[in-house]
1. What Rg and what Dmax come out for the range 171-313 when only alpha-carbon atoms are used, in angstroms?
2. PRE reach from residue 87 (point 7 Å along Cα→Cβ): which of the range 1-43 fall under 11 Å by backbone N?
3. When you count, for each residue, the other Cβ atoms within 10 Å and take the mean per peptide, how do 253-260, 193-200 rank with the highest first?
4. Rounded to the nearest whole Å³, what is the per residue volume of the convex hull around the Cα atoms of the range 210-282?
5. What does DSSP give for the chain in terms of the percent of beta bridges that are antiparallel, rounded to the nearest 5?
6. Obtain the radius of gyration and the Kirkwood radius of the range 146-224 from its C-alpha atoms and give Rg over Rh.
7. Add -39500 (n - 2.57) for each DSSP H run of 4 or more in the chain, then divide by its residues: what number comes out at 222 nm, to the nearest 500 deg cm²/dmol?
8. Helix 120-134 versus the longest principal axis of the chain: what angle, 0 to 90°, nearest 10, using Cα atoms?
Ligand code: ATP
Ligand code: MG
């Protein structure tokens, strides 16, 4: 069976896009697909960060994954910093990666633009992401458009290493699970909802109180057309609300006579989806020792394969065992 790796960066508060685009598809496919849920806490080190916030965000992502229905007996939940093979493979892959190749990454160019000093790890992080995938022999990686270039790099590094040193890695494919929705920012529906957008005006946090969610949806940017139609080109805001409704209910939305009516139904659907997750999260958040134990169990489950991959890589590239 092909293994799937889904990653989450502990870089901020999780939002509805993370749930509908990545977490629920992972939960839905749990019975038929072997997955690993990875929290990329090492990736959070590539930008200015507050150590205590990264630590709490890592625990929060793990708890939300559990609250959303990830079954840790089926799907190991790991933090990439806790499985040292990720960093060991990272270095070995740097030895087949080119400087120019890393410097060409759009995300690096965007995040390094300006006068602020840039961490070297920001440049090399796509190689770490390649290691995250290859170390687990993952054949499928659900990725949004923003990660396509990084996945291509992982494929290129795997192929190059295999060609140069002999068959070592599974070359991963990018996949888009059927149920994965792409959620846009409610205040700027031409941009995806993101953890790292400075303004929270268009973001529905998974742990936001219901009143705040109601307000965020009621203020969602629409248009002056005045008709509820699924037309992402001309009515991105309305289409996004329809998409959220479809993803939350799993049903094709009915007809609406006004934007207000649409927003009211979206609010109810989001609340119906989030309320039980919020309740389970509150219970789990009370017990951080349990969350840490889940991460330790995840690590123990994935480690033998990761160690085997690193052993294979070391032997192929010319290191002693
Ligand atoms: P950041 O801004 O820090 O990159 P993010 O919101 O993009 O945060 P990630 O941690 O990069 O979140 O991504 C976690 C998962 O959520 C990935 O599988 C990603 O494809 C998915 N995802 C992120 N944003 C959205 C969105 N707006 N709609 C659907 N899926 C999303
Ligand atoms: Mg992202």
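Taken together, the values in this text are just the output of simple stated rules run on the coordinates, not laboratory data. On a predicted model such as this, the values are computed, not experimentally measured, just so you know. Neighbour counts are summed over all protein chains in view; Cβ atoms, including those assigned to glycine, are modelled from backbone coordinates with ideal geometry.
1. 19.5, 62
2. Counting only backbone N, you get 42.
3. 193-200, 253-260
4. Hull volume normalised by residue count: 84 Å³.
5. That works out to approximately 15 percent antiparallel.
6. That ratio equals 1.22.
7. My calculation for the chain gives -16000 deg cm²/dmol from helical runs alone.
8. Helix 120-134 sits roughly 90 degrees off the main axis of the chain.
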